[in-house]
Amino acid sequence: MRQALARLTAVTGLALFGAGCGPSPNKAAVQYSAVVEHYCYECHDYAGQEGGLTLENADLQNIGAHADVWEKVARKLRGRMMPPPGEPHPDEQTYDGFVAYLESSLDAAAKQTPNPGRATIRRLNRTEYGNSVHALLAVDVDASELLPADDEGYGFDNIADILRVSPSLLEQYLAASAKVAALAVGDPDAHAVMSVYRAPSDLAQREHVEGLPLGTRGGILIHHNFPLDGDYAFDVFLLRNIVGYMAGLEWPHELEIAIDGERVFVAKVGGKEDNAMSDANMSAAANAIDERLRTRRFVAAGPHDVTVAFIEKSAAETHEPLELHTRNLDLQDMNGIPVLDYVNVTGPFNPRGAGKTPSRERIFTCEPKAVADEIPCATEILSTLAHRAYRRPVTEQDIALLLRFFADGRKRGTFDLGIESALRLILSSPSFLFRDEKDPAGVAPGTLYAVDDVSLASRLSYFLWSGPPDDELLALAEKGKLHETATYRAQVKRMLADPRANALVDDFAAQWLYLRNLRSVRPDVEEFPDFDDNLRQAMLRETELLFEHVLREDRPISELLTANYTFMNDRLARHYGVADIYGSQFRQVALTDPNRYGLLGQASILTVTSQPNRTSPVLRGKWVLENVLGTPPPSPPATVPPFPENEAGKSPRSVRERLENHRKNPVCATCHSIMDPIGLGLENFDAIGRWRTREPGGEVDASGRMANGTAIDGPVSLREAVTKDPEQFVRVATTKLMTYALGRGLEHYDMPTVRGIVRESARDGYKFSAVITGIVESVPFRMRVAEARDRAPKRVTSDSEITASAAAPAN
């Protein structure tokens, strides 16, 4: 009886809505309750609870009381993900009306009780640590060599709840502080250390490599920090094949070492004599050549760029009579050209002192003339360093502890050693490693309040720069002026124009778009023999430059999907089949092929969503659902069967054919019916993003129908379908940016804020700056709720506790 009445009510409600009525909220609630009963209850009543969701007690007349449930429903309906394919669907007008009713009701309820969410103590992740060290000391460190990779949550590695702390991690931070402090100050007792720099194993070295001097081919660029003025050894080793033979000795070549663009060494490799020597004893010849490629040079302390490459020969002289592929895959091949394998940089030998490095200029703001001047000078130096490192005004207690460590170090040696000892304390202090916001005194638990300007400065800088506030931002915060609207907006504008805002490209976009995964991609060498590191880097750079262009030129965020231009060098142009692009440098190029417009036509995205030996419509469809439509599919069940691969000796089947068989399994069908048509729309792109019309098994068939019924037949129609409503993609981008900015996953109570930001940005054409401004001016970003006293998060430990023994100067 109830079902019959529900169907009757649903039909009546649909008819009323379809007639264009403007029902009151109560009347609308009745109408859409009928819609829910008609289309949803079969799966989402108490008996069904598909996906763990029941709608029987979720009252549409009091949406705010069940906001968590209705947010899920609104998201699924906006993406047309429910009802599932094969089930009856309401018409588009009903979809749009129901979604609008839900979201407007949720937004109204959220206005009554603003909720900024939970703000917990946040440890600096590895990227933030490296950037903070650079900002503090003007020294570049490879944080990946000092600290382990951070865990990820909600797609990012800066999520507070995921950035856990363990005793072993603290030990690594303490060890890192010792290395960084010694490097920044310049330890006169430093022993010679060897650093090994390897060229990527799949780097093709036939042509110029971007970043190396013009007129060279192959080789590597090394960013090395030389700790002291002194002599350093540079040992170059060339690649040998599987039997120890060094290829390319038939013709003479020249290898060059340059420091900061100035040649310091050149040696000949190959030619008549070397070739004859190799014919007599190839191992001895290779050893002799390696010995020839050794040199020792004086280098001033500080960061320097070292390039090791071969001098480019005239294009008129070919290296080989026949070049089938861009790189040589046969390690038994005796032909080819000399190729760089790795370089050892060892030193310092005969050290002459710490020299004038950027880090010493940053640290030593004064020099004591006498012993009596040391404490005042140390106080000045350490106060300045601690102020920047702790990102807040320093206290007398802070300075007293630092001076104690300075005194301990000074007893063992020089003034510099005392500063280094105190610097180790700064770099291992919880005030440096953690971002901890304390509730003001006298604020009752549960009270909503604006965060203080100093905390706001760190929130802003770690969002836009992945690093600490600079002196200008911190000074405004400490004067209590940062929260003023005009000042705040001016600082946001300044920070977005600063080169440090490239962190949004290198850190945020790299994680959102899965670009980090490109580094570990290894396509099957038999299927894709032309794939090399040069192409990998070109793919990555193309997407980075597109994102950077949209950011820097303040273009609409939706242009990431619709851009009719891209950025190419000759390597990528050859991959795409674009003519008349020469040289390793990237330049903006107008696209004539609409299949290549935007992210969905870029090889980086297409490659990271493929398997090593074939395309993966599943991965590509999932990527679009998560990162473009904002409707991620549920996690696969543990019992999902493996994807059927083609078998040797049997006629190959297309990926589409194999997916159709895969979907016959009821366990797989529900999710695959949503993901697969989207992924198949990109099937004309192979596993490394090249265009094709045929695949193993026959002609490529890119046709399909999305969950909302939209027919697609390739990349163009897919892009048009997902950008038909640009607000949807902007909402996804805003959600991702806000997750990254807040360092936590977004909850149902955050979604009204997201919708408000998108609505406001629409007035400015969805420009990137409009979305950023909306986020940094939002309640979750600028406010917090006072913690209950018995539930307030405790500090990890005090500065003195964490450092009193472990950070003390070593014997």
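Odds and ends about this structure:
- Per DSSP, loop GluC sites (Glu not before Pro) in the range 506-587 with at most 15 further Cβ within 10 Å: Glu526, Glu527, Glu553
- Contact order normalised by residue count of the range 103-246, Cα under 8 Å, 6+ apart, percent: 15 percent
- Percent accessible area from carbon and sulfur atoms, the range 377-480, protein chains only, probe 1.4 Å: 54 percent
- Once the C-beta distance of Asp59 and Lys111 is scaled by a Förster radius of 22 Å, the resulting FRET efficiency is 0.70 to the nearest 0.05.
- Zone residues, the range 427-449, relative to Glu747, backbone N less than 17 Å from point 7 Å out along Cα-to-Cβ: 445-449
- Sparsely packed loop sites in the range 52-152 (the GluC sites (Glu not before Pro) outside DSSP H, G, I, E and B with at most 15 other Cβ atoms within 10 Å) comprise Glu56, Glu152.
- The ellipsoid equivalent to the alpha-carbon distribution of the range 639-768 has semi-axes of 36, 19, 13 angstrom, derived from the gyration tensor eigenvalues as √(5λ) and listed largest first.
- Using the Cβ-Cβ distance between Ser144 and His191 with R0 = 22 Å, the FRET efficiency computed as 1/(1 + (r/R0)^6) comes to roughly 0.40.
- In angstrom, the C-alpha Rg and Dmax of the range 99-144 are 20.4, 54.
- Solvent-accessible surface of protein heavy atoms, probed at 1.4 angstrom with all chains present, puts Glu262, Glu472 in the order Glu262, Glu472, largest first.
- Largest to smallest accessible area among Lys767, Lys356, Lys650 [probe 1.4 Å]: Lys356, Lys650, Lys767
- The listed residues Thr365, Thr357 rank as Thr365, Thr357 when sorted by accessible area, largest first, using a 1.4 Å probe.
- Length released on extending from Lys479 to Glu250, taking residue separation times 0.36 nm less the Cα-Cα span: 75.4 nm
- Longest segment of the chain lacking chymotrypsin sites (Phe, Trp or Tyr not before Pro) that sit in a DSSP loop with at most 12 other Cβ atoms within 10 Å: 47-581
- Scaling the Cα radius of gyration of the range 604-664 by the globular reference 2.2 N^0.38 Å produces a ratio of 1.26.
- Two-decimal ratio, the range 552-690, of alpha-carbon radius of gyration to 2.2 N^0.38 Å: 1.21
- Alpha-carbon Rg/Rh ratio, for the chain, with Rh computed the Kirkwood way: 1.01
- Rounded to whole Å, sorted largest first: equivalent-ellipsoid semi-axes of the range 674-735, Cα gyration tensor: 24, 13, 9
- 1.4 Å probe accessible area per residue over the chain, in Å²: 45 Å²
- Helix-only [θ]222 nm of the chain, DSSP H runs n ≥ 4, -39500 (n - 2.57) each, per residue, nearest 500: -12500 deg cm²/dmol
- Of Lys27/Lys76; Lys481/Lys736; Lys111/Lys736; Lys27/Lys72, those spanning more than 31 Å from alpha-carbon to alpha-carbon: none
- Calculated SAXS-style log₁₀ I(q)/I(0) at q = 0.16, 0.21, 0.22 Å⁻¹ - the range 479-598, Debye, Cα scatterers: -0.87, -1.29, -1.36
- Within the assembled protein chains, the solvent-accessible surface assigned to Val525 is about 70 Å², based on a 1.4 Å probe.
- Taking all Cα pairs closer than 8 Å and separated by 6 or more residues, the relative contact order of the chain comes to 14 percent.
- If you take the Cα centroid of the range 502-544 and the Cα centroid of the range 67-82, the two points sit 33 Å apart.
- Within the range 416-513, trypsin sites (Lys or Arg not before Pro) in DSSP loop having at most 15 other beta-carbon neighbours inside 10 Å: Lys438, Lys479, Lys481
The values are calculated or read from the model by the stated rules, or taken from the named source; none is laboratory data. Here the structure is a predicted model, which means the values were calculated and not measured. Note that each Cβ is placed from the backbone with ideal geometry, even for glycine, and that neighbours are counted across all protein chains shown. Accessible surface areas use protein heavy atoms only, side chains included; no ligands, DNA or RNA. Shrake-Rupley method; radii C 1.70, N 1.55, O 1.52, S 1.80 Å.
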